[in-house]
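Here the structure is laid out as structure tokens; the discussion comes afterwards.
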């Protein structure tokens with residue numbers, strides 16, 4: 001059965017991005033520290049054509065996530081699409097160049113209506129102005145039998161959980177204290193969470209949670 | 001070598017206690033949810049003379065912590081000693097009855113000088129008015145070759161990390177969103193953290209971190 005899922009690197013004090021996000025610091029001051037575990041993997045080295053490094057459990061996690069055949073569509077917050085761009089800019093087509101790494105429809109939450117933007121490699125950015133429930137519904141329709149991935153940022157993830165829409169949350173708990181920034185689990189409501197798998201390494205702890213929403 | 005250590009149940013949004021702590025809710029509204037994993041263990045059932053339940057990895061963790069032979073002294077915040085008591089009350093001897101579970105010297109941070117309070121079973125409460133560094137130093141002296149355990153609460157743990165005094169932090173990451181309450185990792189500075197062991201179960205994820213403090 002297809003699910004709505006999310007994976008996210010998070011500090012042990014609960015931040016998925018540092019403070020003061022900008023075009024220079026798209027994930028905020030210090031935010032890159034959350035992803036150091038990933039940059040150290042063999043999978044990352046292969047993707048970036050860097051000198052090889054030894055395979056590790058972390059590398060297997062990166063491989064699994066980067067090549068997930070089950071994802072059929074994405075949902076993304078506006079801040080992730082155009083953070084720091086100020087006013088809406090019709091020429092802006094995201095951070096990822098002509099061939100973004102999504103290779104699937106991406107539904108971007110925004111207040112500004114805009115025609116879909118097709119990119120190379122199968123990615124098309126669609127713009128959704130009527131909220132998270134609509135974005136997830138449209139993504140589910142586009143994904144068909146496949147899963148929907150909520151790509152971020154923090155506020156969009158919190159909205160999806162709070163609306164009872166997220167079925168799986170895969171946290172990569174980095175041994176870092178950021179002290180300030182954006183919290184994807186803030187104002188996220190009160191789902192029932194169950195850890196369903198844990199992969200441990202000396203650099204990060206990967207915990208996959210199943211989310212359920214008690215009927216009220 | 002003796003170390004200063006702490007173990008703490010924490011929600012995935014970073015709280016070790018819920019909001020609105022009081023005599024009725026000493027760990028705040030919803031705070032007991034952080035400890036449900038422990039109440040479900042065979043170790044807890046034995047300690048409380050409850051009907052036996054199956055042994056689990058969580059139970060082994062509880063056994064290890066409850067019977068840690070390496071702890072020689074404790075440090076505790078005033079709120080943990082007398083939360084909700086309002087003005088200082090010389091007749092108050094903590095929450096734990098005549099034979100508290102510490103069986104060692106306990107150094108309580110407070111602004112109110114008070115003579116030491118010896119209890120049954122080896123616990124003596126000492127009152128420290130000159131801050132976390134003094135409390136940890138006195139506890140280290142009392143512990144001799146053994147470890148010092150920082151018992152809590154959240155603010156005391158953050159102070160100990162921020163002062164570069166804590167060597168090991170053992171988090172029991174509960175699959176719970178509390179949404180508000182007290183955060184032991186808030187304003188805790190920026191130590192270097194390394195996960196040194198992980199024990200996983202369907203109810204909680206136990207991650208032990210080594211803390212180091214880069215020279216500045």
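The values are calculated or read from the model by the stated rules, or taken from the named source; none is laboratory data. As the structure is a prediction and not an experimental result, all values here were calculated from the model. Every residue, glycine among them, receives a Cβ derived from its backbone with ideal geometry; neighbour counts consider all protein chains shown.
For region A:9-46, how many residues are assigned to a helix (DSSP H, G or I), over 14 Å from residue A:180 (Cα atoms) and more than 14 Å from chain B (Cβ to nearest Cβ)?
8
Please state which of the following conditions residue B:50 fails to meet, knowing it meets all the rest: (1) part of a loop (DSSP other than H, G, I, E, B); (2) surrounded by 14 or more Cβ atoms within 10 Å (Cβ to Cβ).
(2)
Give region B:199-216 a look and list any residue that's at the interface with another protein chain (Cβ under 8 Å from one of its Cβ atoms) and under 19 Å from the mean Cα position of the chain (by Cα), or say none.
Answer for region B:199-216, where residues must be at the interface with another protein chain (Cβ under 8 Å from one of its Cβ atoms) and under 19 Å from the mean Cα position of the chain (by Cα): B:204, B:205, B:207, B:209.
Residue-wise test of (1) under 23 Å from residue B:1 (Cβ atoms); (2) surrounded by fewer than 24 Cβ atoms within 10 Å (Cβ to Cβ); (3) in contact with a helix residue (DSSP H, G or I) (Cβ under 7 Å, 6 or more places away or on another chain).
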site: B:149; (1), (2), (3): yes, no, no
site: B:168; (1), (2), (3): yes, yes, no
site: B:175; (1), (2), (3): no, no, no
site: B:180; (1), (2), (3): no, yes, no
site: B:204; (1), (2), (3): no, no, yes
site: B:208; (1), (2), (3): yes, yes, no
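Within region A:170-181, identify whether any single residue is farther than 22 Å from residue B:14 by Cβ, touching a strand residue (DSSP E or B) at 6+ places or on another chain (Cβ under 8 Å) and at pLDDT 95 or above, and answer yes or no.
No - not one qualifying residue is present in region A:170-181.
Only one of these conditions is not met by residue A:196: (1) more than 25 Å from residue B:208 (Cβ to Cβ); (2) within 8 Å of chain B (Cβ to nearest Cβ); (3) surrounded by fewer than 16 Cβ atoms within 10 Å (Cβ to Cβ). Which number is it?
Every listed condition holds for residue A:196 apart from (1).
I'm trying to understand the selection: among the residues of region B:103-124, which are closer than 19 Å to residue B:155 by Cα, out of contact with any helix residue (DSSP H, G or I) (no Cβ under 7 Å at 6 or more places or on another chain) and at pLDDT 95 or above?
B:106
Just to be sure before I move on: is residue A:188 closer than 23 Å to residue B:18 by Cβ and either crowded, with 19+ Cβ neighbours inside 10 Å or modelled with pLDDT of 95 or more (or both) in the structure I sent? Before the answer, list the steps.
Values: closer than 23 Å to residue B:18 by Cβ: yes; either crowded, with 19+ Cβ neighbours inside 10 Å or modelled with pLDDT of 95 or more (or both): yes.
Yes, satisfied.
From the list B:115, B:182, B:133, B:141, which residue is away from chain A (no Cβ under 12 Å) and within 30 Å of residue A:192 (Cβ to Cβ)?
Of the residues listed, the single one that is away from chain A (no Cβ under 12 Å) and within 30 Å of residue A:192 (Cβ to Cβ) is B:182.
Taking strands (runs of 3 or more DSSP E) that fall entirely within region B:133-201, which contain at least 3 residues that are in contact (Cβ under 8 Å) with a residue 40 or more places away in the chain and on the phi < 0 side of the Ramachandran plot?
B:147-152, B:168-174
Hey, can you tell me all the residues within region A:143-156 that are under 8 Å from the mean Cα position of the chain (by Cα) and either within 11 Å of residue A:182 (Cα to Cα) or modelled with pLDDT under 95 (or both)?
Answer for region A:143-156, where residues must be under 8 Å from the mean Cα position of the chain (by Cα) and either within 11 Å of residue A:182 (Cα to Cα) or modelled with pLDDT under 95 (or both): A:152, A:153.
What about residue B:188, is it more than 20 Å from residue B:26 (Cα to Cα), facing another protein chain (nearest Cβ under 9 Å) and over 19 Å from the mean Cα position of the chain (by Cα)? Full working, then the answer.
On the way: more than 20 Å from residue B:26 (Cα to Cα): yes; facing another protein chain (nearest Cβ under 9 Å): yes; over 19 Å from the mean Cα position of the chain (by Cα): no.
The answer is no for residue B:188.
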